[in-house]
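Asks: Please read through the structure below; I'll follow up with questions.
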Amino acid sequence: MPVTALETALYTKLANTSALTTELGGTYVYNTNAPQNPPAKYVVFQYQGGGDVNDTKQRSRNVLYAVYGVAQGRAAAAAVDGQIDTALHLGSLTVSGWANNLWLARERDVNFTEQDSTGRPRHRIGGFYRAIIDED
Amino acid sequence: MAGGYVGSAAYLAFGGTVLDTFYRNFTPTQTGATVDQTSGADTAIKRLFTLKDGNASMTYRAETGTAGTPIWALMPIGASGTLEWGPEGTATSAPRAHVQAFLTAKTPPIIYNDVTVWQFSWEFDDVITETVY
């Protein structure tokens, strides 16, 4: 499945970015949801929309993902976001079955605060990243 | 039963180079020239059809690296060859059109945040042959 392949590529890119995992204190990168008792700092990425372009016979996909750092402190979440940005903005993904990573760039910022089950704040800071990939 | 067709079925080629994999839009246009043959007693302009003419244009998503270079190189400005299009593909009895043409314009805009799309234009050097595969 192209979506699975792209998400595997995104996870692999983030989980193998040493500056990011050092910032997190581990490979705390999650697709869609973090575990119930998450670490102090982590990354979540979520599919937002997009799909096949269908503008030529050559298949290509144009999709949008939200990728953000989550932490109890705003500064800590921002630091994680900085490493995400360095890893992804105008970077590349290796997507199985898809030959060309045409475009990967940040488009919009995400910055909001939630409360966890104990009432403590959790800051989410990151961005929307657009990926355009082309089939083999 | 009647029905329509879409561009995903199309076959396009110029000078033997198949172009339909990355094409986005192909527009062949047939035109004809006339001369004025109005005479003094006429109350409206009268025309005489003279010569057929035509042109075609195409937008084509740029290919990268070794896949893209041959297409661009095979399409030099001034190139002469057979421009062929089969809007419903090349199955037996599908409509086929072809004409000798010159490539008269090629434009490679470069767009920072999107895929690059080339533009090609031809001018016909003969009458279109409309037949079937």
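Asks: Do any strands (runs of 3 or more DSSP E) lying entirely in the range A:12-91 carry at least 2 residues that are under 30 Å from B:Glu63 (Cβ atoms) and among the β-branched types (Val, Ile, Thr), and which ones are they?
Replies: By residue number, A:60-71.
Results for (1) out of contact with any strand residue (DSSP E or B) (no Cβ under 9 Å at 6 or more places or on another chain); (2) within 14 Å of chain B (Cβ to nearest Cβ); (3) within 18 Å of A:Asn16 (Cα to Cα), shown as yes or no for each residue.
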{"position": "A:Val67", "(1), (2), (3)": "no, no, yes"}
{"position": "A:Ala76", "(1), (2), (3)": "no, no, no"}
{"position": "A:Ile84", "(1), (2), (3)": "no, no, yes"}
{"position": "A:Leu88", "(1), (2), (3)": "no, no, yes"}
{"position": "A:Trp103", "(1), (2), (3)": "no, yes, no"}
{"position": "A:Arg106", "(1), (2), (3)": "no, yes, no"}
{"position": "A:Gln115", "(1), (2), (3)": "no, no, no"}
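Asks: Condition first: surrounded by fewer than 15 Cβ atoms within 10 Å (Cβ to Cβ), at pLDDT 95 or above and not small (Gly, Ala, Ser). Now tell me which residues in the range A:62-89 satisfy that.
Replies: A:Arg74, A:Thr86, A:His89
Asks: Name the residues in the range B:22-42 that are within 15 Å of the chain's Cα centre (by Cα) and either among the aliphatic types (A, V, I, L, M) or within 14 Å of chain A (Cβ to nearest Cβ) (or both), would you?
Replies: Of everything in the range B:22-42, those that are within 15 Å of the chain's Cα centre (by Cα) and either among the aliphatic types (A, V, I, L, M) or within 14 Å of chain A (Cβ to nearest Cβ) (or both) turn out to be B:Phe22, B:Tyr23, B:Arg24, B:Asn25, B:Phe26.
Asks: Restricting attention to the range B:8-21, does a residue exist that is more than 30 Å from A:Asn62 (Cα to Cα), of a type outside the set (A, V, I, L, M), in a loop (DSSP other than H, G, I, E, B) and touching a residue at least 60 places away in the same chain (Cβ under 8 Å)?
Replies: Within the range B:8-21 (the criterion being more than 30 Å from A:Asn62 (Cα to Cα), of a type outside the set (A, V, I, L, M), in a loop (DSSP other than H, G, I, E, B) and touching a residue at least 60 places away in the same chain (Cβ under 8 Å)), the answer is yes, since at least one residue qualifies.
Asks: Would a scan of the range B:80-100 turn up a residue that is among the acidic types (Asp, Glu) and surrounded by 13 or more Cβ atoms within 10 Å (Cβ to Cβ)?
Replies: Yes, the conditions are met somewhere in the range B:80-100.
Asks: Restricting attention to the range B:106-122, does a residue exist that is among the hydrophobic types (A, V, I, L, M, F, W, C), at pLDDT below 95, buried (at least 16 other Cβ atoms within 10 Å of the Cβ) and within 18 Å of the chain's Cα centre (by Cα)?
Replies: Looking for residues that are among the hydrophobic types (A, V, I, L, M, F, W, C), at pLDDT below 95, buried (at least 16 other Cβ atoms within 10 Å of the Cβ) and within 18 Å of the chain's Cα centre (by Cα), one finds at least one in the range B:106-122, hence yes.
Asks: Evaluate the range A:120-132: report whether one residue or more is outside any strand (DSSP E or B) and in contact (Cβ under 8 Å) with a residue 12 or more places away in the chain.
Replies: Within the range A:120-132, one or more residues are outside any strand (DSSP E or B) and in contact (Cβ under 8 Å) with a residue 12 or more places away in the chain.
Asks: So, of the residues in the range B:43-72 that are modelled with pLDDT under 95 and more than 14 Å from chain A (Cβ to nearest Cβ), which turns out to be nearest to B:Ala101 (Cα to Cα)?
Replies: Among those residues, the one meeting the criterion is B:Trp72.
Asks: For residues that are away from every other protein chain (no Cβ under 11 Å) and of a type in the set (Gly, Ala, Ser), scanning just the range B:5-19, find the one that is nearest to B:Arg96 (Cα to Cα).
Replies: So, considering only residues that are away from every other protein chain (no Cβ under 11 Å) and of a type in the set (Gly, Ala, Ser), the one nearest to B:Arg96 (Cα to Cα) is B:Ala13.
Asks: Follow-up. Looking at this structure, is A:Thr56 more than 17 Å from A:Ala131 (Cβ to Cβ), crowded, with 17+ Cβ neighbours inside 10 Å and within 14 Å of another protein chain (Cβ to nearest Cβ)?
Replies: yes
The values are calculated or read from the model by the stated rules, or taken from the named source; none is laboratory data. Small disclaimer: the values here were computed from a predicted structure and weren't measured. Note: ideal-geometry Cβ built from the backbone for every residue, glycine included; neighbour counts use all protein chains shown.
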